[in-house]
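S.K.: Submitted below is the structure of interest, expressed as structure tokens.
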Amino acid sequence: MEWANQLCENRQFGSKMTDSKYFTTTKKGEIFELKAELNSDKKEKKKEAVKKVIASMTVGKDVSALFPDVVNCMQTDNLELKKLVYLYLMNYAKSQPDMAIMAVNTFVKDCEDPNPLIRALAVRTMGCIRVDKITEYLCEPLRKCLKDEDPYVRKTAAVCVAKLHDINAQLVEDQGFLDTLKDLISDSNPMVVANAVAALSEIAESHPNSNLLDLNPQSINKLLTALNECTEWGQIFILDCLANYAPRDDRESQSICERVTPRLSHANSAVVLSAVKVLMKFMEMLPKDLDYYGTLLKKLAPPLVTLLSAEPELQYVALRNINLIVQKRPEILKHEMKVFFVKYNDPIYVKLEKLDIMIRLASQANIAQVLAELKEYATEVDVDFVRKAVRAIGRCAIKVEQSAERCVSTLLDLIQTKVNYVVQEAIVVIKDIFRKYPNKYESVIATLCENLDSLDEPEARAAMIWIVGEYAERIDNADELLESFLEGFHDESTQVQLQLLTAIVKLFLKKPTETQELVQQVLSLATQDSDNPDLRDRGYIYWRLLSTDPVAAKEVVLAEKPLISEETDLIEPTLLEELICHIGTLASVYHKPPSAFVEGSRGVMHKRLPARTGSGESTESPDVGTIAGGSGTETAPSIIPSQGDLLGDLLNLDLAPPTTTGPPPPTSGMQMGGMDLLGGGLDSLLGGDIGGSAAMGAGFGAVPAVMPASLNAPMGGGLGDLFDLGGGVGMPLGAYIPPKTVWLPAMKAKGLEISGTFARRAGVIQMELTLTNKAMSVMTDFAIQFNRNSFGLAPAGPLQVLSPLSPNQTIEVSLPLSTVGPVMKMEPLNNLQVAVKNNIDVFYFSCQYPISMLFVEDGKMERQVFLATWKDIPNENESQFQIKDCHLNSDAASNKLQASNIFTIAKRTVEGQDMLYMSIKLSNGIWVLAELRVQTGNPNYTDLEISVKCRAPEVSQCVFQCCEAVLKN
Amino acid sequence: MIGGLFIYNHKGEVLISRVYRDDIGRHAVDAFRVNVIHARQQVRSPVTNIARTSFFHVKRSNIWLAAVTKQNVNAAMVFEFLYKMCDVMAAYFGKISEENIKNNFVLIYELLDEILDFGYPQNSETGALKTFITQQGIKGQHQTKEEQSQITSQVTGQIGWRREGIKYRRNELFLDVLESVNLLMSPQGQVLSAHVSGRVVMKSYLSGMPECKFGMNDKIVIDKAGKGGVTDDVAKSTTGKQSIAIDDCTFNQCVRLSKFDSERSISFIPPDGEYELMRYRTTKDIILPFRVIPLVREVGRTKLEVKVVIKSNFKPSLLAQKIEVRIPTPLNTSGVQVICMKGKAKYKASENAIVWKIKRMAGMKESQISAEIELLPTNDKKKWARPPISMNFEVPFAPSGLKVRYLKVFESKLNYSDHDVIKWVRYIGRSGIYETRC
């Protein structure tokens, strides 16, 4: 929230008394003094005053009150002063649109100034003022400036078109500025061309389907010519634009490449990277047997290596890009391993990236060197880096078979260091090595087992358990080892639990006689005592497998594992292609498509590498892009339903009988009623039990009896929810109460689901909660607490849950709230952080309350007071909102609002508009005044307008949201 | 494009804040302060994404410069721009410090307005900028129309880096070949990686718009010439030595890149005064001026014996200067005794290192230091990481073997010729990251 920032900065400002004169300030009456100085006759004094104003503005102080005085200084022939005033204007014009108009004349006059620097300054500044009225006046001067005789003015005007487009796209199109801008691509001055290209590219990005840039061989030729002549920045704009072009055939593609390659020797790394992007993209179209193709590949390596001698930040950008390039075309840098060796003083972000690339480039030819390096890195200080280095050693073993043995012995050396995280990381990678080369390095298992106790990270524990399970037949005390993990089964992470389950089943299949008890224990832990569906399901599957067909179980569980891939963390090919098209940009740094981090329409378009087309094949291939990359749906974000939805789906599945008719397939028993089948069936199936152990069979049969209950659990709870929801919505009387929503899903709270809403009844704020127990055990000892919040909401009494909440049970609780608790500003303002405790754990969630809960009953203001207050609150505190599509007349609206303590004080009808004046008082004494305008004359016009004025403007948004909710329900 | 640019002091207070785009609000200033400057953890990346807003930052002493954007900008360009911004500021008011920034904040705003328009970098050559952004501010009125258009054509022109009408009584130029040798050597003396990154810095005081051509003993050029047969002898006689293989080079924007690409000739119209003509990198046949031979022996748990020998490896007639060897010591060092044959050596507890300084050393010599390091017993399980021994020095030759063959100056409009220009060439080789593991 802006006000808070300013507040906090003002505070800093006060404490900052350095010797730079403009940054110091007298505290009281400062604005007043500045006002006097600004209106001084002495030029120097005026200028000093403007400087002080700008200094205040910089540190976030609100100096908008000086607007008229500063604008008065605009009429000056002192260029420096003028620039300062313009700077002020750009900052505050939006908040003072009416007064900003005062400046228009000066702007228009300046656009005619004989000095090109002043003309350009005027047009540049005008474009930065986002006030509609000023924008209108901008059109004519801009038109002139686009055709100005001076290139400096033209290059500034070109950018101004992009600014204007950002404010009012329609206006730019209507005024024909786009065509003028296109003409500038043929301008004689390279800088004008560059800026025009930049502006057009930006505008084109927000109109993905327009043919704005209309690149054709002629215009490309012009761009390539300008490329040789313009500034480094201009070269970047042009290269980035070129990259969007789709050459018609390989010959054109080659000729562009030839003219772009000289840029690889530019001192500016961004020029180099943009050139690399063009080359990487157009290279796709060249036939691989072409001599030129090989030459180009060779030419790419040196400049990429040179980027690594740039400043560290640029190195980082370069390395992120090289990572992509190496994945796309490993041949380019395959001989350059050494340059990626880590230097002791490299910043950590550079080190980690280099390491990544080293692993990708590792091959039989350089593995010895790489390993020596990695071993060195594993003794460094930074934990992340060391871990990555250890992991890299493992990757090398998997990638280069010849080195595996050396890698394993290096890893063993590292384990001997006993440094905790090194040991854990080593064990994780050794697991992968075992997978890749089965039955080769089992001799090291003994060493690994020695370190069992020091493993505290889930991944390492899981890896170790996997190893024990996999090689259970060779480890004498495998059962003891696994059993030791079983003691704290419920405290383990899911990853470890799953692994432990599988490992014990493996062990059982290998040594059935000694481990029956163990396997039963783990199966019952997984199926009965856990509320993790994955774990439970896997438990049941094993159970069923073991009980039905032990031979099949052996085939399934001990099946030969598929080979693991040599490369890891490879970027998915379509994404990689897209990222290659974005070399040098943020997307290539994040390794994410622009749509993942850019808002709005920009960057939504996916870029693709062009397909290879021979010169003879087709001259026109407008859809080259789509052919190459495959269908666009691949990159569409997959929608993962929220947990609530998932539960709902499961419910449907269970409640409704399967709609498919016809003979049910044998496995469909798993669906619903099949549970009983399983329960009963297990016993009979176990008749022919494994290894003839009757005791075990009984064990298997006894447990699943509980299962149907557990499946029913979500059903009951869900029904309860539905019912509650209905109740919430159906409340017609009194104040508006929003429907209950789920605040804490059961998944996050070990089976406790909380949904709720807020209500104000007879002057008391109530938090209405629905607690549902979706777990298997009884819940007791409920308590609730709030974090400090904006309005000091706090529970007025304890949470009244008298009887224990048994599984499947739902109860409704109403908690009265007071507003005398500790206060802390929240973001958003009406956010409330809640902690709920029960016998199982403490859970945290946050919810938002409608601010109308805080509207008190005595919020009706006297008319006179209202008028005076309205005038007293400064205009900038007023915010305007629109409520769309609200079919209410003013009386109905007034009644609805009154029910929520929003009081109408007066009503006025002016020109077919009803104006309602309303007051609200918040529980902390803040008054909010509002003016609601209802169109009565025109029945088609159903939008309501509301202006909210308050001394604390930050509540306006919340109040408005409330009014909207009240009026619409 | 860049949405805004902020400058903070080390406490995170804003010194300069300039917003170019409407999508960047005032809260962005605080987001960066809270999430990066005041972050508890060490900065893990120069690019930070906070709530869909990307922040690029660089640090100069304790000043933070941050560029903000909400779009998919050219990241390399943003960093290049930030460096450029630092250069421009330094050219105007010297060191980038809180004091200087506060004292020049009006100037900085003026510069930011000029070199970044709607987030697009514009001409940022200080030579050009200084003609019309001055701290006097009144220049505007006193300029004649010609002067004004000369300024604008220079700012936008093809030769944005040089203005017309420069005159010197004495035409003179200085060429500095500055190289830094980087080395990473294993304890056994095996070169793990070595490269030279060099720069050719030129100071030109030439009249008019001189056309220059620069030549060096680049292998490709000389081989080419050699094939021609005619200039073979000339090439050999002028260079005297064999040619060198340049892995890659980059040039100042004044150099005609297309010409270099096609003919490998370096031609340009130089900016006035000092600038960097080119950068290059070589990895083959590097003369490593020094060799460091370390010997570290752990005597029990509380004592280390270190012996380091350095050998100079260049012509005996040349002198290396400012030699410094830095031998890291463990964190639990309690005392150090050093004996060295030459120079001075000191244990610096605050830097955890023994620093050995030698003022001068001729070629083909060797010198030795030995030290006994007493350690406090610790129960720290982690082994000492043994950082590499690093070295600093300066030598009066180019370790890459690069030689300047010629720098020809042509100015057709004025009456001075190549012979009238006084030319100076100097070679300096310095240590870059010159490390030997121990």
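The values are calculated or read from the model by the stated rules, or taken from the named source; none is laboratory data. Source: prediction; values computed, not measured. A quick note on method: Cβ atoms are made from the backbone with ideal geometry, for glycine too, and the neighbour counts reach across all protein chains shown.
S.K.: Which residues, taken from the stretch A:494-543, are surrounded by fewer than 16 Cβ atoms within 10 Å (Cβ to Cβ), more than 41 Å from the chain's Cα centre (by Cα) and in a loop (DSSP other than H, G, I, E, B)?
M.R.: Across the stretch A:494-543, the qualifying residues are A:Lys511, A:Thr513, A:Glu514.
S.K.: Among the listed residues A:Ser890, A:Ser956, A:Ser879, identify the single one that is farther than 29 Å from A:Tyr92 by Cα and either under 34 Å from the mean Cα position of the chain (by Cα) or small (Gly, Ala, Ser) (or both).
M.R.: Going through A:Ser890, A:Ser956, A:Ser879 in turn, just one is farther than 29 Å from A:Tyr92 by Cα and either under 34 Å from the mean Cα position of the chain (by Cα) or small (Gly, Ala, Ser) (or both): A:Ser890.
S.K.: Hey, can you tell me all the residues within the stretch A:133-163 that are within 13 Å of chain B (Cβ to nearest Cβ) and either aromatic (Phe, Trp, Tyr) or in contact (Cβ under 8 Å) with a residue 60 or more places away in the chain (or both)?
M.R.: Result: A:Tyr152, single match.
S.K.: Within the stretch A:320-345, restricting attention to residues that are in contact (Cβ under 8 Å) with a residue 24 or more places away in the chain and within 9 Å of chain B (Cβ to nearest Cβ), which residue is surrounded by the most Cβ atoms within 10 Å (Cβ to Cβ)?
M.R.: In this case the residue turns out to be A:Asn321.
S.K.: Going by the conditions given, is A:Phe782 in contact with a helix residue (DSSP H, G or I) (Cβ under 8 Å, 6 or more places away or on another chain) and at pLDDT 80 or above? Step through it out loud before you land on a result.
M.R.: Values: in contact with a helix residue (DSSP H, G or I) (Cβ under 8 Å, 6 or more places away or on another chain): no; at pLDDT 80 or above: yes.
No; evaluated as a whole, the condition is false for this residue.
S.K.: Determine which member of the set B:Asn182, B:Asn123 is modelled with pLDDT of 90 or more and at the interface with chain A (Cβ under 9 Å from one of its Cβ atoms).
M.R.: On the way: B:Asn123 fails: modelled with pLDDT of 90 or more.
The match here is B:Asn182.
S.K.: Across the stretch A:183-204, which residue is farthest from the other protein chains (Cβ to nearest Cβ) among those that are within 36 Å of the chain's Cα centre (by Cα) and surrounded by fewer than 21 Cβ atoms within 10 Å (Cβ to Cβ)?
M.R.: That would be A:Ala204.
S.K.: Could you check the stretch A:72-93 and list, in sequence order, the residues that are under 34 Å from the mean Cα position of the chain (by Cα) and at the interface with chain B (Cβ under 7 Å from one of its Cβ atoms)?
M.R.: Hit for the stretch A:72-93 is A:Leu87, nothing else.
S.K.: Another question, if that's okay. Can you confirm whether B:Leu414 is of a type in the set (A, V, I, L, M) and either over 24 Å from B:Lys322 (Cβ atoms) or modelled with pLDDT of 95 or more (or both)? Even if it seems obvious, please write down each step before you answer.
M.R.: Details: of a type in the set (A, V, I, L, M): yes; either over 24 Å from B:Lys322 (Cβ atoms) or modelled with pLDDT of 95 or more (or both): yes.
When the stated conditions are applied, B:Leu414 passes them.
S.K.: Within the stretch B:277-318, can you find the residues that are of a type outside the set (Val, Ile, Thr), surrounded by 16 or more Cβ atoms within 10 Å (Cβ to Cβ) and within 14 Å of chain A (Cβ to nearest Cβ)?
M.R.: Selection gives B:Leu277, B:Met278, B:Arg279, B:Tyr280, B:Arg281.
S.K.: Specify which of the listed residues (A:Met90, A:Met74) is crowded, with 19+ Cβ neighbours inside 10 Å, under 17 Å from A:Ile129 (Cβ atoms) and either modelled with pLDDT of 85 or more or aromatic (Phe, Trp, Tyr) (or both). Even if it seems obvious, please write down each step before you answer.
M.R.: Working: A:Met74 fails: either modelled with pLDDT of 85 or more or aromatic (Phe, Trp, Tyr) (or both).
One residue alone meets the criteria, A:Met90.
S.K.: Can you say whether A:Ser919 is in contact with a Lys or Arg (Cβ under 7 Å, 6 or more places away or on another chain), within 29 Å of A:Val764 (Cα to Cα) and crowded, with 19+ Cβ neighbours inside 10 Å, as far as the supplied structure shows? Quick ask: steps written out before the conclusion?
M.R.: Numbers: in contact with a Lys or Arg (Cβ under 7 Å, 6 or more places away or on another chain): yes; within 29 Å of A:Val764 (Cα to Cα): yes; crowded, with 19+ Cβ neighbours inside 10 Å: yes.
For A:Ser919, the condition - in contact with a Lys or Arg (Cβ under 7 Å, 6 or more places away or on another chain), within 29 Å of A:Val764 (Cα to Cα) and crowded, with 19+ Cβ neighbours inside 10 Å - is met.
S.K.: Being assigned to a loop (DSSP other than H, G, I, E, B), in contact (Cβ under 8 Å) with a residue 12 or more places away in the chain and out of contact with any Phe, Trp or Tyr (no Cβ under 6 Å at 6 or more places or on another chain) is the filter here, so list the residues in the stretch B:166-216 that pass it. Steps first, please.
M.R.: Taking the stretch B:166-216 and keeping what is assigned to a loop (DSSP other than H, G, I, E, B), we get B:166-171, B:186-190, B:206-210.
Among the residues that remain, those that are also in contact (Cβ under 8 Å) with a residue 12 or more places away in the chain are: B:166-168, B:170-171, B:186-187, B:189, B:206-210.
Within the stretch B:166-216, B:Ile166, B:Lys167, B:Arg170, B:Ser186, B:Pro187, B:Gly189, B:Leu206, B:Gly208, B:Met209, B:Pro210 qualify.
S.K.: Something else: Give the stretch A:821-834 a look and list any residue that's hydrophobic (A, V, I, L, M, F, W, C), within 26 Å of the chain's Cα centre (by Cα) and not in a loop (DSSP other than H, G, I, E, B), or say none.
M.R.: A:Leu832, A:Val834
S.K.: Let me ask something else about it. Within the stretch B:38-61, can you find the residues that are facing chain A (nearest Cβ under 10 Å) and over 15 Å from A:Ala596 (Cβ atoms)?
M.R.: B:Gln42, B:Val43, B:Arg44, B:Ser45, B:Pro46, B:Phe56, B:His57, B:Val58, B:Lys59
S.K.: Are any residues in the stretch B:293-327 among the hydroxyl-bearing types (Ser, Thr, Tyr) and under 18 Å from B:Thr436 (Cα atoms), and if so, which ones?
M.R.: So in the stretch B:293-327, the residues among the hydroxyl-bearing types (Ser, Thr, Tyr) come out as B:302, B:312, B:317.
Listed by number, the list holds a single entry, B:Ser312.
S.K.: Sticking with this one: So, in the stretch B:149-179, of the ones that are polar (S, T, N, Q) and more than 19 Å from B:Ile115 (Cβ to Cβ), which residue ends up nearest to the other protein chains (Cβ to nearest Cβ)? Lay out the reasoning, then the answer.
M.R.: Taking the stretch B:149-179 and keeping what is polar (S, T, N, Q), we get B:149-150, B:152-154, B:156, B:158, B:171.
Pick out the ones that are also more than 19 Å from B:Ile115 (Cβ to Cβ) and you get B:149-150, B:171.
Details: B:Ser149: 6, B:Gln150: 11, B:Asn171: 26 Å.
Among those residues, the one meeting the criterion is B:Ser149.
S.K.: Show me the strands (runs of 3 or more DSSP E) found entirely inside the stretch B:318-363 where at least 1 residues are over 26 Å from B:Val299 (Cα atoms) and either in contact with a helix residue (DSSP H, G or I) (Cβ under 8 Å, 6 or more places away or on another chain) or without any contact (Cβ under 8 Å) to a residue 40 or more places away in the chain (or both).
M.R.: Values: elements: B:319-328, B:333-340, B:344-348, B:353-362.
Filter on the stretch B:318-363 gives B:353-362.
S.K.: To continue, here is another question. Any chance you could count how many residues in the stretch B:6-24 are touching a helix residue (DSSP H, G or I) at 6+ places or on another chain (Cβ under 6 Å), more than 7 Å from chain A (Cβ to nearest Cβ) and within 21 Å of A:Lys94 (Cα to Cα)?
M.R.: Going through the stretch B:6-24 one residue at a time, the tally reaches 2.
S.K.: While we're looking at this one, here's another question. If I ask for residues that are within 37 Å of the chain's Cα centre (by Cα) and more than 9 Å from chain B (Cβ to nearest Cβ), which ones from the stretch A:235-252 would you list?
M.R.: Going residue by residue through the stretch A:235-252, those that are within 37 Å of the chain's Cα centre (by Cα) are A:235-247.
Matches in the stretch A:235-252: A:Ile238, A:Leu239, A:Cys241, A:Leu242, A:Ala243, A:Asn244, A:Tyr245, A:Ala246, A:Pro247.
S.K.: Within the stretch A:268-301, can you find the residues that are without any contact (Cβ under 8 Å) to a residue 12 or more places away in the chain and either part of a loop (DSSP other than H, G, I, E, B) or within 14 Å of chain B (Cβ to nearest Cβ) (or both)?
M.R.: Let us first name the residues in the stretch A:268-301 that are without any contact (Cβ under 8 Å) to a residue 12 or more places away in the chain, namely A:288-289, A:291, A:293-295, A:298.
Of everything in the stretch A:268-301, those that are without any contact (Cβ under 8 Å) to a residue 12 or more places away in the chain and either part of a loop (DSSP other than H, G, I, E, B) or within 14 Å of chain B (Cβ to nearest Cβ) (or both) turn out to be A:Lys288, A:Asp289, A:Thr295, A:Lys298.
S.K.: Go through A:Ala397, A:Ala368, A:Ala378, A:Ala392 for me and flag whichever is within 14 Å of another protein chain (Cβ to nearest Cβ) and crowded, with 20+ Cβ neighbours inside 10 Å.
M.R.: Within the list A:Ala397, A:Ala368, A:Ala378, A:Ala392, the selection yields A:Ala378.
S.K.: Can you list residue pairs whose Cβ atoms sit under 6 Å apart, with the first residue in the stretch A:892-917 being in contact (Cβ under 8 Å) with a residue 60 or more places away in the chain and the second being part of a strand (DSSP E or B)? Count only pairs 6 or more apart in sequence or on different chains.
M.R.: A:Asn901/A:Phe855; A:Ile902/A:Met918; A:Ile902/A:Ile920
S.K.: Just to confirm my filter: which strands (runs of 3 or more DSSP E) fall fully inside the stretch B:42-123 and include at least 2 residues that are charged (D, E, K, R)?
M.R.: Working: elements: B:47-50, B:53-60, B:63-69.
Because the criterion is at least 2 residues that are charged (D, E, K, R), the strands (runs of 3 or more DSSP E) in the stretch B:42-123 that meet it are B:53-60.
S.K.: Next question. Report the residue count in the stretch A:129-172 for those that are of a type in the set (D, E, K, R), touching a helix residue (DSSP H, G or I) at 6+ places or on another chain (Cβ under 7 Å) and within 21 Å of A:Val71 (Cβ to Cβ).
M.R.: At the first step, the residues of the stretch A:129-172 found to be of a type in the set (D, E, K, R) are A:130, A:132-133, A:136, A:140, A:143-144, A:147-150, A:154-155, A:163, A:166.
Now drop any that are not touching a helix residue (DSSP H, G or I) at 6+ places or on another chain (Cβ under 7 Å), which leaves A:130, A:133, A:148, A:150, A:154-155.
So of that shortlist, the ones also within 21 Å of A:Val71 (Cβ to Cβ) come out as A:130, A:133.
Residues meeting the conditions: 2.
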